Amino acid sequence: MGIIAQWYLQLQSPLLTVLAVTGCVVTLCFWWLPIGLRFRLRSASGMAIHLLFFGLGGLLATAKNISNHSLWLGKMHQYDAVLLVIEEEPVERPQSFKAQATVAAVYRQGRRLPATGGVLLYFREGSAAGIHYGTQVLVRDTLPLIKNAGNPGGFDFQQYSLFNGRSHQRWLNTTDFVVLPQPKTRWLYAMLNRVREWVLHMLRTYIPGKREQSLAEALLIGYKAHLEQDLVQMYSNTGVVHIIAISGMHIGFIYLLLLFVTKPLQRRHTSWLRMLLIIAVLWLFSLLAGGQPSVLRSAVMFTLIGVGTVLSRNSNMFNTLALSAFALLCINPFWLWDVGFQLSYAAVLSIILFYQPVYNLLFFRHKVFDYLWRMGAVSVAAQILTLPLSIYHFHQFPTVFFIANVVAVPLSTAALAGAALVCFSAPLPVVAAIVGKLTAWLIFALNWCVEKLNAFPFAVWNSLYISVPQTLLLYCIITALALWFWLRAQKFLVAAGVGALLFVGLRTASFLKANDQRKLVVYNISKHTAIDIFQGRAVYFFGDAHLLEDGFLRNFHLQPSRIKNRMQSLQVWSRPHFTLWGQNISVLDSTTASLPARTIHLLVVTHKTNVDLQKLFQQHQPRRIVIDSSVPVYQKKLWQQAALAAGVPCHSTTDSGAFVWEL
């Protein structure tokens, strides 16, 4: 709670310190009280402990927020150049290479000044030669802050980047930077990068097929740079996207493999050595796979299980889960907002709570059917607590998740083992080639099954939208139903019914509000025009035709807004000049020959135009101007200057995000 309160309320450090110290002092004082008095005041003791952790959580969030650092790059003004250190091998993207970097210093009038921060660099095609992990790059001029597209319901990339320590970005041509001759590396990360590159090289050498190679890279070490967007979407639609994200399944497989390999050390005097080797390899693999929250959660849990095994103590899974979450939030408190972190812990907790009750619902004598039902029961149990989060974040529910997991989990496990065996057998090229072909066949079969399941009618229930209160209500309903199932107390069933009524009431209110809405949205999509007119739950689209077909651009920029506004039908709007709700609206582009002879309440400028601005302002007297992201930069500045001179409000989607006009 302290982490959440600090982020949303921006509590001051002195207040948080007082709360933490007060909670600590009161907690310590309780140890000096008689046992009887301690028992009577146990509620006060609990409050003191909560106060302590509230203050510590807030202080930790303050310390980890890079924008609070005195040397943060965002607080450095009027510098001439920035010295950056590349923190990863550049990842190839369409027409560019992406890399993460940290700020080492800034230069102002020849003086080197210390600075800190994280930066996203995009090297344009042909400019990334010689850029590797540890390369020091001197970038000219200042770096802009990372900004959101600002489209309604869209992904908050600015917050996501800040939570991961990155706040600035820059597109670079060859002339924008200088590569310094001396790299700056850390031996552990340098070693991990070399191992990662070797693993990728082995997989690409011995596994035939680009699609199969990319999935093997994701399965084995979580490398997703070469995965096709359509393939990832199919896995998401069928509810098996967790397979291509390094998670507990992968760490568990590595753990069992290590237990088997180190079995000769399973002796009284070497048990600790065995477990230390296993834990070391687990953590090296976790860092090799990118150190994502879901991976580290599994690594922490298996570390605790391993230590408990050596000490001959059976660990409580709830305590293990809570301790791993506490440890990870101490590393980065902002992982609390990470979708992977939330889904990972929700899935594990759900399996712990509900697997056995779900499994007990059906009984199969045959071992094969029993094994299949066990896998299915795990999938059903995991869905119970992840369902509200999945709908909230992804706005969809995979209806074929049960069948998909029963088929995909065994195939992906076999493919994972095959990919690992390819690397282990690399010294024997003939063996590696045979294993690589078998692994490629397994991955082909996996992709084929997922593709066929995705093609089923109603394989995925799309366009679901729930708010934060509705999500919390779903968890309240699930909790009440679970307690009723376990305790058979009527009051929990009543509580679930009340929660369901509140949930239905909130959703009904949101649909009624959507039925009465009237708004126009000009989206911020680089080099594209996209305008949605919302009339109730009907949407009329005006813009570039390929945005009706391009899956990624449409799903990333347009769909979140349409889902949030409860879109029921979509039609294409082709008229550039129209009157809407008593307001005259015109869309101006390179094909516009003339504007209607009338006052324009809203003028939307798109693409490259060739008009006399002074004449346009005199004849049509636009009340408001919106410049979308398809307009070239130099023309955008001309329009802004003309609007400023005429005293007309002007909104640039490139600078200020999407324009939303509600009437």
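The values are calculated or read from the model by the stated rules, or taken from the named source; none is laboratory data. Predicted model, so just to flag it, every value in this text is computed and none were measured. Positions of Cβ are generated from backbone atoms using ideal geometry, with glycine treated the same way; all protein chains shown enter the neighbour counts. Just the protein is used for accessible areas: all its heavy atoms, side chains included, with ligands, DNA and RNA removed. Shrake-Rupley method; radii C 1.70, N 1.55, O 1.52, S 1.80 Å.
Which percent of the Cα-Cα distances in region 572-649 go past 21 Å?
Value for region 572-649 (Cα pairs over 21 Å): 19 percent.
With volume of the Cα convex hull per residue in Å³ in mind, check (i) 229; (ii) 212; (iii) 239 and report the label derived from this structure.
Recomputing volume of the Cα convex hull per residue in Å³ here picks out (i).
If packing is taken as the average number of other Cβ atoms within 10 Å across a peptide's residues, how do 137-145, 366-374 rank, most packed first?
Descending mean neighbour count gives 137-145, 366-374.
Would you please put 270-281, 486-497 in order of how densely packed they are, using the mean number of other Cβ atoms within 10 angstrom per residue and starting with the highest?
270-281, 486-497
What whole-number value in Å² describes the accessible area per residue of the chain for a 1.4 Å probe?
Heavy-atom SASA per residue in the chain reads 52 Å².
Taking one equal scatterer on every alpha-carbon of region 411-559, how large is log10 of I(q)/I(0) by Debye at q = 0.14, 0.20 1/Å?
The calculated log intensity ratios at q = 0.14, 0.20 Å⁻¹ are -0.94, -1.14.
Once neighbouring chains are kept in place and the probe is 1.4 Å, which whole percent of the accessible area of the chain is contributed by carbon and sulfur?
64 percent
Quick check: the angle from helix 429-454's long axis to the longest principal axis of the chain, C-alpha only, nearest 10 degrees?
The angle comes out at about 60 degrees.
Rounded, prolate or oblate for region 508-648? Axes are the square roots of the Cα gyration tensor eigenvalues, ordered a ≥ b ≥ c, and the cut-off for rounded is a/c under 1.5.
Verdict is prolate for region 508-648.
Taking only the Cα atoms of region 189-283, how large is their convex hull per residue, in Å³?
118 Å³
Quote the convex hull volume per residue of region 479-556, based on C-alpha atoms, as a whole number of Å³.
Dividing the Cα hull volume of region 479-556 by its residue count gives 130 Å³.
Per residue, what volume in Å³ does the convex hull of the Cα atoms of region 17-122 enclose?
For region 17-122, the hull spanned by Cα atoms encloses 163 Å³ per residue.
If you take the square roots of the eigenvalues of the alpha-carbon gyration tensor of region 306-394 and sort them as a ≥ b ≥ c, do you get rounded (a/c under 1.5), prolate (a/b over b/c) or oblate?
Here region 306-394 falls in the oblate category.
In the neighborhood of residue 116, defined by Cβ-to-Cβ distances under 15 Å, what is the net charge if each Lys or Arg adds +1 and each Asp or Glu adds -1?
+4
With the cut-off at 29 Å, tell me which of the pairs 210/564; 147/637; 367/452; 75/98 have Cα atoms farther apart than that.
Too far apart for the 29 Å limit: 210/564.
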